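Novice: Quick one: the structure is below, and I'll ask about it shortly.
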Amino acid sequence: MDIRFLRKGVLYEGIYRSSLIIFMYSFIGWLWETIYCSIKAKKFIYRGFLIGPYCPIYGFGILSVLYFLNPFQNNLFLLYILSAVMVTVLEYITSYALEKLFHASWWDYKDVPLNINGRVAIPVSLFWGIDCVLIVKVIQPKVLILEQFLANRFGLALPLLLLVLISSDLVYTLINMQSFKKVTAEMSALIEERKVELEKNLNEKRTELATNLSELKEEIGAKRKEFEKATWLDELKENVNAKKILSKLNFSQKKNGSELS
């Protein structure tokens, strides 16, 4: 894992060659996530925070491992543990920053055991540790060959082009995110307004229904009383003893009685 070009003595060379390594691992990370998530979802999933085919967190994460853990490259146990810890810290900080800046989450480990706020999880961190060891011992030597070829072939032009490309992508994405936040805020306000309106209409309907129900109950009660009264009078009129009593009434008494009923 020859990264002498990252040391202070060759700062100029270190900057543009480091940018190539960051971009290559950013692309590899994007490719890995896109393939994995697409297979898992059984449809094409375009991963990444930016528009282009790269995930910078992979580039900076791997470069950090290559730089800071270079002294431990021959101690696989320490390389594994320190890589897992470093990548986990970077993943947590990145997740926290993205959520605070854009109120959105690009990954969520809440369904994974031993997770911390859904940002990182121990099983995933152990997986990252294995990946980092494989990258350091197997992939990095091949990446260095490609990086050396590109550096010799294009010199400073390619890193500058990539820097302009990613910077433009970042600015464009940030502008879009701000517009998206504005639209979502307006939609949230509209939904809340509609919710209040519906709640008001529902309360009015409830009041109207309660009033109608009360009036209906009163009407049913009155009708019931009339029905019971009419039934009672009909039965009384058909009663033999009642007929005898009523036959004793004169015209005036019958008239007054019918009015009272």
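Novice: Is there a quick way to get the dipole size of the stretch 1-154? I mean about its Cα centre, with the Cβ of Lys and Arg at +1 and of Asp and Glu at -1; what is the value in debye to the nearest 20?
Specialist: Here the stretch 1-154 has a charge dipole of around 200 debye.
Novice: Does the stretch 168-216 classify as rounded, prolate or oblate by the C-alpha gyration tensor (a ≥ b ≥ c root eigenvalues; a/c under 1.5 gives rounded; else a/b over b/c gives prolate, otherwise oblate)?
Specialist: Cα axes put the stretch 168-216 in the prolate bin.
Novice: Let me know the shape class of the stretch 123-198, please: from the alpha-carbon gyration tensor, a ≥ b ≥ c as square roots of the eigenvalues, rounded when a/c is under 1.5, otherwise prolate if a/b is greater than b/c, or oblate.
Specialist: The shape class here is oblate.
Novice: Residue by residue through the stretch 195-200, what is 3J(HN,Hα) from phi via Karplus (6.51 cos²θ - 1.76 cosθ + 1.60, θ = phi - 60°)? Round to whole Hz and write x for glycine and proline.
Specialist: Going residue by residue, I get 5, 5, 4, 5, 5, 5 Hz, with x marking Gly and Pro.
Novice: Tally up the carbon and sulfur contribution to the accessible surface of the stretch 9-136 as a whole percent, 1.4 Å probe, everything protein left in place.
Specialist: 73 percent
Novice: Now for a different question. Dipole magnitude of the stretch 85-154 about its Cα centre, charges +1 at Lys/Arg Cβ and -1 at Asp/Glu Cβ only, in debye to the nearest 20?
Specialist: Once rounded to the nearest 20, the dipole reads 200 debye.
Novice: Count the net charge of all other residues whose Cβ sits under 15 Å from the Cβ of residue 213, scoring Lys and Arg as +1 and Asp and Glu as -1.
Specialist: Surrounding charge for residue 213 is -2.
Novice: Would you mind listing how long the stretch 35-106 runs along its three principal axes, going by Cα atoms, in whole Å with the largest first?
Specialist: Dimensions of the stretch 35-106 along the principal axes of its Cα atoms: 40, 30, 19 Å.
Novice: Once you sort the root eigenvalues of the Cα gyration tensor of the stretch 55-155 as a ≥ b ≥ c, which label holds: rounded (a/c under 1.5), prolate (a/b larger than b/c) or oblate (the other case)?
Specialist: Judged from the Cα gyration tensor, the stretch 55-155 comes out oblate (a/c at least 1.5, b/c at or above a/b).
The values are calculated or read from the model by the stated rules, or taken from the named source; none is laboratory data. This is a predicted model, so every value here is computed, not measured. A quick note on method: Cβ atoms are made from the backbone with ideal geometry, for glycine too, and the neighbour counts reach across all protein chains shown. Surface accessibility is based on the protein's heavy atoms, side chains included, excluding ligands, DNA and RNA. Shrake-Rupley method; radii C 1.70, N 1.55, O 1.52, S 1.80 Å.
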